[in-house]
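Here, each number is a calculation from the coordinates, and none is a lab measurement. Only a predicted model underlies this, so the values are computations on that prediction, with no experimental measurement involved. Quick reminder, even Gly has a Cβ in these numbers, built from the backbone with ideal geometry, and neighbours come from all protein chains shown.
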Amino acid sequence: MALNEGTFSEYEDYTLWYYQDASYAANAMGRSRSMCEAREKEFYRWWTEDEDMRLNFYFDKKIPWRNIAHCLQSNPHSQAVTALQCQLRIGKLRGQGRWSGSPFSEAEDQHLRLLNQVNPFEWLLIAVKMTCRTPGECYDRLLALDVGNWTQREDEQLKLAFFDRSGGWNYLVGRIPGKTVEMVKKRVKDLRLSLYGYDWKNEEDLEVMGMRYWTHEDAAMERLLPGRSIEECRRRIQHLSQVSEQ
């Protein structure tokens, strides 16, 4: 049976694969369960030994996924196939990983950033639209590109969220759109953040401990300790007080 790509979009196919359940996918897409079940039967097709051999050959030639799908369909004995199906099949044949190992070109970097803006962190969907790249490769590359590309505003948002932490890493990610948990963890490490502040010097510790009994300390802390938030100072005072009592 031929795939009716006019009925289900590529993103809907991805949604169907993501949920792995026709009922959940139907609710997410606003479609009927019967339509999703029928699509599942078409989407999870059988692959012949000849199709697997040709798929591996085209992938090793670094042909774009959509072109691979077109080449496979050119065989009159093959069923209709989409780029997403080719991506998933290669994953089963070779294991989910980083397969090509070739460096990303500047054009690929730009394309990767653009795709991530359209479908943030949907790695399988992003990889399908790249030229023969895997989800793992796209993830690793975007993570590498993000290094050093945090804006000052994003750093400030991260610091405020970190010191006002009422949740875990997912809470921090939710406060900074466009970042993954791994990106946030790395940035926290790069900024050397801790619940007591970062890079405290002995002189700063003396200054902040001298303020602990002040009634109106907020303005003074900001004036005498530039670059330190009030929350940092309060946590540092609490930490040093606990240490001195031990």
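Computed values, structure above
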read-out: Given Lys62/Lys189; Lys41/Lys129; Lys41/Lys92; Lys92/Lys159; Lys129/Lys185; Lys159/Lys201, the pairs whose alpha carbons are separated by over 30 Å; value: Lys62/Lys189; Lys92/Lys159
read-out: Nitroxide proxy distance, nm - points 7 Å out along Cα→Cβ at Thr48 and Asn119; value: 2.9
read-out: R0 of 51 Å, Cβ-Cβ distance Ala107-His239: FRET efficiency to nearest 0.05; value: 0.55
read-out: Asp21/Arg153 FRET efficiency (R0 30 Å; Cβ-Cβ; nearest 0.05); value: 0.15
read-out: For peptides 15-25, 150-160, sequence by mean Cβ density within 10 Å, most packed first; value: 15-25, 150-160
